[in-house]
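> Below is one structure. I have some questions about it.
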Amino acid sequence: LATGGRRIGYIPGPGDKVADCLSAVGYDVQLLPVATLAAADLGELDAILVGVRAFNHTPELHLALPRLLTYVAGGGRLVVQYMTNSRLAPLKGPIGPYPLTIAQGRVTDEEAVMVPKSPSHPILQTPNRLGPADFAGWVQERGLYFAETWDPQYDPIFSMADPGEAPLEGALLIARHGKGVVAYTGLGFFRQLPAGVPGAYRLLANLLAYRPRK
């Protein structure tokens with residue numbers, strides 16, 4: 001596992017164990033509860049990862065989004081894990097620099113083929129060169145609450161589908177913002193990392209280290 005930058009800020013979601021899993025493989029993880037974001041020194045971080053349903057669980061996080069995007073514009077990386085957007089658990093504001101909508105899209109077949117939209121994309125190449133073996137052995141499902149529509153600034157990385165259903169492309173979106181990058185992902189890292197799935201660690205490491213082309 002090549003990790004690139006190791007200093008990761010983690011904005012906790014309700015109950016996920018991703019921060020502990022990243023610490024276990026050598027990342028220096030700094031927890032960033034929403035109440036501390038205003039005073040935190042974000043500039044020392046290589047990337048910031050938002051926990052699952054953090055915007056749902058703590059709507060005040062929407063108020064901190066401009067500061068997070070300022071960090072990104074200066075060259076940082078912000079990775080937002082899945083959020084819900086429903087009558088019972090609505091999003092009450094944006095979660096990135098450009099519009100996207102989240103719906104109920106998911107791929108429940110954990111062996112569904114993950115087809116790269118662009119096989120040469122740096123996300124698939126560095127610091128870990130990813131291949132079909134990295135998407136074997138996933139547990140329970142590929143992911144959930146995929147993006148349904150998105151601004152053209154976002155690039156979809158994968159296409160995938162459950163048997164007999166139309167392909168979905170909203171599992172992982174990446175957009176440049178200033179000198180940095182923002183990603184939204186419905187891929188189930190919160191399940192794969194505690195289960196010790198190597199390819200999920202390698203893909204997330206690439207996301208946390210990604211620098212967009214100039």
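The values are calculated or read from the model by the stated rules, or taken from the named source; none is laboratory data. Note that the coordinates shown come from a computational prediction; the quantities given were computed from them, not determined experimentally. Backbone-built Cβ (ideal geometry, glycine too); neighbour counts: all protein chains shown. The protein model used for the area step is the full one, side chains on, heavy atoms only, and it has no ligands, DNA or RNA in it. Shrake-Rupley method; radii C 1.70, N 1.55, O 1.52, S 1.80 Å.
> Please build a GNM for the chain, connecting alpha carbons under 10 Å apart, and tell me which residue among 203, 130, 49 fluctuates the most.
130
> Out of segment 1-107, which trypsin sites (Lys or Arg not before Pro) are coil in DSSP terms and have no more than 13 other C-beta atoms within 10 Å?
Here the sparse-neighbourhood loop sites are 17, 87, 92.
> When ligands, DNA and RNA are left out and all protein chains stay put, how many square angstrom of accessible area per residue does segment 1-87 have with a 1.4 Å probe?
42 Å²
> Against the globular-protein guess of 2.2 N^0.38 Å, express the Cα radius of gyration of the chain as a ratio, rounded to two decimals.
0.93
> Now, a different point. Under a straight-distance cross-link criterion of Cα-Cα below 13 Å, which aspartates and glutamates are reachable from residue 117, leaving out those fewer than 8 residues away in the same chain?
155, 169
> Continuing with this model, one more query. Quick one: Karplus J couplings for segment 57-71, per residue in order, coefficients 6.51, -1.76, 1.60, θ = phi - 60°, nearest Hz, x for Gly and Pro?
6, 10, x, 4, 4, 4, 5, 8, 4, x, 5, 5, 6, 5, 4
> Residue 161 to residue 35: FRET efficiency via 1/(1 + (r/R0)^6), r the Cβ-Cβ distance, R0 41 Å, to the nearest 0.05?
0.50
> So, one more: By per-residue mean of other Cβ atoms within 10 Å, what is the highest-first order of 116-122, 19-25?
Details: 116-122: 12.4, 19-25: 16.9.
Packing proxy ranking, top to bottom: 19-25, 116-122.
> Just the number, please: percent antiparallel of the DSSP beta bridges in the chain, rounded to the nearest 5.
Bridges in the chain are about 50 percent antiparallel.
> Now for a different question. Please build a GNM for the chain, connecting alpha carbons under 10 Å apart, and tell me which residue among 107, 115, 52 fluctuates the most.
Maximum among the listed residues: 115.
> Can you give me the distance in nm between label points at residue 139 and residue 98, each placed 7 Å from the Cα along the Cα-to-Cβ direction?
3.5 nm
> Sticking with this one: Could you work out the pair-distance distribution P(r) of segment 12-121 from its alpha-carbon pairs, with 5 angstrom bin width and percents rounded to whole numbers?
2, 10, 18, 21, 20, 16, 10, 3, 0
> Run the accessible area of segment 1-146 with a 1.4 Å probe and give the carbon-and-sulfur part as a rounded percent. Each step should come with its number before you reach the end.
On the way: 3700 of 6710 Å².
The value for segment 1-146 is 55 percent carbon and sulfur by accessible area.
> If you don't mind, there's one more thing I want to ask. From Cα pairs below 8 angstrom and at least 6 apart in sequence, can you work out the relative contact order of the chain, rounded to a whole percent?
25 percent
> Taking θ = phi - 60°, what integer Hz values does the Karplus form 6.51 cos²θ - 1.76 cosθ + 1.60 yield along segment 116-128, in sequence order, with x for Gly and Pro?
My calculation for segment 116-128 gives x, 5, 9, x, 8, 4, x, 4, 8, 10, 8, x, 10 Hz in order.
> Amide H of residue 80: which non-local residues (sequence gap of 5 or more, or other chain) have their own amide H closer than 5 Å, using H built in the peptide plane?
Residues meeting the criterion, in which the H sits 1.01 Å from N, are 50, 183, 184, 185.
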